[in-house]
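Engineer: Below you'll find the structure I mean.
Please treat every number below as a calculation from the coordinates, not as lab data. These numbers were taken from a predicted model, which means no experiment stands behind them. For neighbour counting, all protein chains shown are included, and Cβ atoms are generated from backbone atoms with ideal geometry for every residue, glycine included.
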Amino acid sequence: MQNDVTGTEMTALLLLPAFALISAVSSQFAVDISVSSEVVQVRTGQVSLLAVKTLSLSEVLTVSWASPSGQTLGVWVGGQVGPVLNEIEQYHGRLNIAGDFSLRLKDSARADEGGYTITVDPKASTGVTKNSRVIRLEVFDPIQDVSISSPSPILQGDNVTLTCRWTQGTKPQVTWGLGGVGLTSDPHVAISGSVLRIARVGREDAGNYTCRVTNAVSAGAGWTTLDVSYGPDLPSVSRVLHSDCVSRDDVVEGRAVSLSCGSDSNPPARFSWALDGRPVSSGNATLFIAAVSREQGGRYTCTASNAVTGGSASASTAFNVVGHCLSGGAIAGIVIGSVAGLFLLLLLVLLLLRWRKGDHWLKEKLKRTKPNPPLTPLPRPQPHGSAITPPLPPPVLTSSEAPPVTGPPYRSPWSQHHRGVHEPPPPGHRTARSSAAPRVDHTPSYRPPRSHHRRGVNDPPTPPPVHRTARSSAAPPTALPPSYRRPRSHRPLQEDLSRQFEPWSSIDTNDSYALF
């Protein structure tokens, strides 16, 4: 047991020097030097301050500054009241090391630019080692007197180059703008530092161009107006004819006429007027005629010209001077009258058509409301073998009017004999009559009414109606004697029959008739 403890103690005694050596080595770190900026930019003539932050004056052995060329500018020894500065001609009277070990340089110049190195050597009691840090100083000349140069005059279609210039300034950066908007390179505009090139300049490229020059400590700007000369374009001519003529090219003699001409041009164009090739005015864009005459009518030509570009363009207009003309009011009256006449004509035609339609309707209504004649039955068929009775009775002669008939007996136009329609009955032909039935006398005006019923071919004949009238006690009906024969006539049978069967309008109401 005792041997084990002794072995452990012996191992600890052997490892103790090794731990002490490791602790000593690990405690030797470089001293920390902090800077506000690794690059200090100042304007020419200003104070350059290279500020640092490190150990205190009591903890350092020495603190030194070296120039960009490696020369020692000064040393601050710990415990001393102030630093020891070296006399270097470039920094004579302008260099100082502050109590916090910062380097101050007055009246900075472009020659002072470069890297300045600070070295801190601490005391051994701080447990840190020596360390160095470099701070870069940049001195700028301020930008002054910026301007832009441009050619003049500039014509449309030319290639234009603008150059930005300044009298003083280091490490400048140039930016271009047009009307407050930044420009960048493209196929039409090329930018290379302080030079701007425009290929085939147009009127849309005109405007205010700016050139801004800047560096770390200052800025300056210049501007110029790019004036592009162009035109004149084809003029536009307008006219005011103080006339109420319907024709736009006519003006009444004695009225006022105003002609105006305009053209896009830079610089503004100069105008001249000519009437049918003869100059009448120059220098004004407006030609005014207070009272136009017949001789002042014709074609007026306006010519615009540009003295810078040397171009010109022309346009013309024409009007006629007349003694009188139709006004718009007269034409409007004619048109209104024509329209009104046409309207009245159409109205008359419509009324006429409506009247004819109403008249036709009234006729149709009267025709429909006219009473139909009473239906009269056809004659009753006779037994086979009896004499054929004509469809209409012959005219009746009263006893008081008809003289005694002395002639052959009456012969019916229809007989069993087949004759033509217009063939007269043969001489001596008599129609068989029934002795039992007396003959019915009819008036010559009797005409049997038409039947509304169309009988078929095989329908039996309808017997004629028997008309009965009040018999007169004083004058009984007188029948024709059986031996009565109607005298022959040279007229056709049809005409003879038409005379026999006349309408019954003259029937005597005092006589009575009977049909066979």
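Engineer: What is the range 147-229's relative contact order, in percent, from Cα pairs under 8 angstrom and six or more apart in sequence?
Structural biologist: 38 percent.
Engineer: Still on this structure, I have one more. Quick check: pseudo-label points 7 Å beyond the Cα along Cα→Cβ at Q90 and K171, how many nm apart are they?
Structural biologist: 1.7 nm
Engineer: Here is a further query. Which length gain, in nm to one decimal place, applies between A291 and I334 when the Cα-Cα distance is subtracted from 0.36 nm times their residue separation?
Structural biologist: 12.5 nm
Engineer: Let me ask something additional. Tell me which lysines have Cα within less than 26 Å of K357's Cα, excluding those fewer than 8 residues away on the same chain?
Structural biologist: K357 reaches K365, K367, K370.
Engineer: Could you calculate the FRET efficiency of K123 with S185 from 1/(1 + (r/R0)^6), where r is the beta carbon distance between them and R0 is 45 Å, rounded to 0.05?
Structural biologist: 0.15
Engineer: Among the lysines, which have Cα under 26 Å from the Cα of K53 when same-chain residues fewer than 8 positions away are ignored?
Structural biologist: Once the sequence-local lysines are set aside, what remains near K53 is K106, K123, K130.
Engineer: Mind checking the full-extension length gain between N159 and L347? Use 0.36 nm per residue of separation minus the Cα-Cα distance, one decimal, nm.
Structural biologist: Result for the pair: 59.9 nm of gain on full extension.
Engineer: Still on this structure, please answer the following. Any idea how far apart S192 and H360 come out in nm if each label point goes 7 Å out from Cα toward Cβ?
Structural biologist: 9.9 nm
Engineer: Going by average Cβ neighbours within 10 Å, how do the peptides 279-286, 345-352, 231-238 rank, with the highest at the top?
Structural biologist: With the highest mean Cβ count within 10 Å placed first, the list reads 231-238, 279-286, 345-352.
Engineer: Using alpha carbon centroids, what distance separates the range 95-162 and the range 334-355, in Å?
Structural biologist: Cα centroid of the range 95-162 versus Cα centroid of the range 334-355: 103 Å apart.
Engineer: With a cap of 14 neighbouring Cβ atoms within 10 Å, and only residues DSSP puts in a loop, list the trypsin sites (Lys or Arg not before Pro) found in the range 245-317.
Structural biologist: R248
Engineer: Next question. Full-extension gain between L326 and S56, please, as 0.36 nm times their residue separation minus the C-alpha to C-alpha distance.
Structural biologist: That pair, L326 and S56, stretches by 85.9 nm at full extension.
Engineer: Could you list I336, I289, I198, I135 so that the one with the fewest beta carbons within 10 Å of its beta carbon is first and the one with the most is last?
Structural biologist: Numbers: I336 10, I289 17, I198 20, I135 23.
Going from sparsest to densest Cβ surroundings: I336, I289, I198, I135.
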